[in-house]
Each structure stands twice: as C-alpha cells, then as structure tokens.
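The values are calculated or read from the model by the stated rules, or taken from the named source; none is laboratory data. Here the structure is a predicted model, which means the values were calculated and not measured. Counting neighbours? That spans all protein chains shown, and the Cβs are built from the backbone with ideal geometry, glycine included.
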Amino acid sequence: MTLPLTRTCPHAPNPEYLRLQEEEPVYRAMTPSGVEAWVLTRHEDIRIMLSDPRFSADRTKPGFPSLFAMPQVKAGSVRSLLFMDPPEHGPARRAVLGEFTVKRVAELRPRIHRIVHEHIDAMLAGPRPADLVRALALPVPSLVVCELLGVPFADHEFFTERATTLLKRDTPPEGRGQAIGDLRSYLDELVAGKEADPPDDLFGRQIRKQREAGGKADREALVSLGFLLLLAGHETTTNMISLGVFGLLRHPAQLAVIRADPAKTPGAVEELLRYYSIIDAGISRLALDDIEIGGVRIKAGEGVVGLPHVADHDPEVFPDPLRFDVERGARHHLAFGFGAHQCLGHNLARAELQIVFDALFARIPDLRLAVSEDQVPFKSDANVYGIYELPVTW
Ligand code: HEM
C-alpha cells in the first residue's frame, strides 16, 4: 500500500484505513517520498507517538518519511518550529506561546468579529449564489493573521492576495514561487520597520524579547515565524470554515441545536474538527530509538505516520464515530495533533470558527447550498482536506 489513500466518501476516512484500524493498527506502507513507514490508525497509538520525544519531527533527517515529495534539504537547514526537536524546540515554542493564550485570543475576538461581519455584509450585498470559500473562508483567516502580525491596513490587500495565490489549486509553480518571494520580502520589510521602536504587536513583542535576552533582533527568524503562522493558520482554518458550514447545513437538526443555544457552538466546533479532521496526509515522525507501539517494535531509523482523521473515528474513543453529534463532547480529538508540536494556534482557530458559524447562521437563517451535495468539489486529492468551492444562496 502507498500512502495516502484518498477519501471515497466525503464524510468518512477511506474504508481501508478503517479496516487497518480494526485489524492491523500498526501497518507497514510506502510514503510518497519512497521511504517505507509504519502507519498508525488508533487514537492511543498516535498519542503515544506524538508525545514521545524519541520520535523526531526533523524532516531534514535522512530517512524521514515525508508525506509529500519534497526538494532535498540539507540537515538542520530549515528553522521552522514544526521541524524542531528538543532541546531547540521547547525554548523556540515558549518564546511565542504567550501570543496564543486564551487571554490573547480573547483580546483579538472583537477584531475577528469585525472582519467576519464585514465579509458577511459584502456577501449579502453581492450576487447570489455566492462562493462561500472566496467570500468568507479564504479572506477571514488571512485577515486574522494580518491582525496578529500587525500588518498595516493599507497592505491587507497585497498580503491576502499573495496568500490566496499561494493556496489556490490552479496557481502554477512559478506563481507560487513569486508569491512566496513577495511575502518573504514583505515580512522582511515589515519586521525591519518595527525594529527602531517595537510596537505592541506580535513582531514588536518578539523583537523586545530577543533584545532583553541580550541578543539583537533576529530578523530572519521572525520572517520565518511570520511565514509559518501564515501558512499553518491559513489553509487549515479556511478548509474548516467551508467544511463546517457544509457539515452544519447537511445536518439541520444539529444546526438547530446551536441556533437555539449558541453556548453549544464551541461543542459543535469540536465535533466538526473531529468529524472532518482535515490533516489527511497524516503527521510523520522518525524513530530515534527502538520503541514499542501497539505491540510492534519500531526500530531506530524507521519512519512512522499517524493518521489523525482515522484516529478521530476510533470507536474505542468516539462511539458510533460516523455519526455527527454536536453534543458528544469531542474535545479530545487529534485534529490539532498532540504533544510537543500540538497546534500552537488552536485557541485562535477555535475562536475564528465559533465566530464565523454564530454570525453566519444568525444573520442568514435561510442559508443553503446552491448546488446538490454531489456537485460540491471536495479536496479528496489534497494533503489537507477541504472544499474548493462552496456555492451558497439564501
Ligand atoms: C501545528 C492543525 C490552525 C499554527 C499544527 C499541527 C496540526 C495543526 C495537526 C501539528 C503538526 C505536527 O505535529 O507535526 C491545525 C488545524 C487548524 C490549525 C486543523 C485549523 C482548524 C492554526 C492557526 C495557527 C496555527 C490559526 C496560527 C495562526 C500552528 C503552528 C504549529 C501548528 C505554529 C507548529 C507548532 C509546533 O511545531 O510547535 N497545526 N492548525 N495553526 N499550527 Fe496549526
């Protein structure tokens, strides 16, 4: 078997993955990078893998089971939080952790509200049907990142246009390269402009912190951080917004539950995260030592791939997993990963999703799909599951 197996039903993991979970939960398969790896499908096994520091996240290590064909990179050459191991990862993560606390996200909420309502206003003023992906799901996460990073309002368009180009399916490789170059030089200038008198935003606070620690501002590290936040927080949230709207429209009785009591929206967000659990390519690691998981001895140097969307359908943890139930209490899903690298932006993503669903269904009570369900183009072929286009009307 070669990973990944695509979804054959838009609302469930591939049936072969579910069979493996039941019969062969630690299974040997080929990854797209041509390296064999152990595939984990059970919730408990993936939690063990993601919380044991003897599994490395350093994609530049020889033998790492990459989930997409990647250009060859020199070991240690990429300074992204996602790729770091101890002892480097902890301090680098702690340096930005304060930007993503519940308190900090609560401070951002009014601005997220404003962004969401402005986009709903524009959608309502525009033609019907509207594509919800373009109208709401794509712009909201990039404007939220703008708020987070302190991108000046006048530059919003430049920034979100490049971000959209980077993420669009039909952007050719040169277009993508151009967008990456544009964004990196933009971020470089943005950070440089904040160095003289660091403002009270993410970059400003990081610059002050680096100086207080006795060093000078490490601009290259901040540009990489800004870029990681843009990428990690964008496509994921975009896809969860469109899948979430689709999922709720498809289950009117469940939608009625949160409409009647918005205090239930956070629970619905957890269930949507579990139900669609969008990291379809999986999360991979490299064993640095011999480690036993699920009764199988994984040897040092072997790769492991955990499939969170399959684990989030593990009946041991989520009874009747194919049933969508906003009141099931699904918070222990693995949609944000687990352990040292667990999603840094989870509080922010949760806030964005809650605000979007509450605002959208309150303001457009008769929102509905403008096409039949089987005409909705799902991203079954992508590493992050989602929807390319979601025509809606009201
Ligand atoms: C890491 C999912 C939104 C920033 C991760 C990981 C997952 C994930 C599964 C772990 C990867 C691994 O272990 O290798 C998601 C999903 C999101 C979302 C499903 C939306 C629904 C965001 C947002 C931000 C963000 C909004 C910030 C703006 C990050 C960062 C990491 C990360 C910085 C790396 C953390 C580390 O390596 O220590 N995300 N994410 N994510 N995410 Fe998210």
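Residues considered: Ala106, Ala135. Of these, the only one that is out of contact with any strand residue (DSSP E or B) (no Cβ under 6 Å at 6 or more places or on another chain), farther than 27 Å from Phe338 by Cβ, among the hydrophobic types (A, V, I, L, M, F, W, C) and more than 12 Å from the ligand (Cβ to nearest atom) is Ala135.
Only residues that are within 15 Å of Leu138 (Cβ to Cβ) and free of Cβ contacts under 8 Å to residues at least 40 places away in the same chain were counted in the stretch 100-120, giving 3.
Of the set (1) of a type outside the set (D, E, K, R); (2) surrounded by 20 or more Cβ atoms within 10 Å (Cβ to Cβ); (3) in a loop (DSSP other than H, G, I, E, B); (4) touching a strand residue (DSSP E or B) at 6+ places or on another chain (Cβ under 6 Å), all apply to Pro4 but (4). Consider the stretch 359-394 and keep the residues that are in a loop (DSSP other than H, G, I, E, B) and small (Gly, Ala, Ser). The one that is farthest from Leu3 (Cα to Cα) is Ala370. If you check every pair at least six apart or on different chains, which have Cβ atoms under 6 Å apart with a residue in the stretch 336-348 that is part of a helix (DSSP H, G or I) first and a residue that is near the ligand (Cβ under 6 Å from one of its atoms) and among the hydroxyl-bearing types (Ser, Thr, Tyr) second? Nothing qualifies. Would you call Leu231 crowded, with 18+ Cβ neighbours inside 10 Å and more than 10 Å from the ligand (Cβ to nearest atom)? The answer is no for Leu231. Of the numbered criteria (1) within 11 Å of the ligand (Cβ to nearest atom); (2) in contact with a Pro (Cβ under 6 Å, 6 or more places away or on another chain); (3) aromatic (Phe, Trp, Tyr), the one Phe336 fails is (2).
Across the stretch 358-370, not a single residue is classified as surrounded by fewer than 17 Cβ atoms within 10 Å (Cβ to Cβ), within 22 Å of Thr236 (Cβ to Cβ) and at pLDDT 95 or above.
Go through (1) out of contact with any Ser or Thr (no Cβ under 7 Å at 6 or more places or on another chain); (2) outside any loop (DSSP other than H, G, I, E, B) for Pro319 and report which single condition fails. Just one mismatch for Pro319, condition (2). Considering the conditions (1) closer than 18 Å to Ser51 by Cβ; (2) in a strand (DSSP E or B), Asp289 is excluded by exactly one of them, (2).
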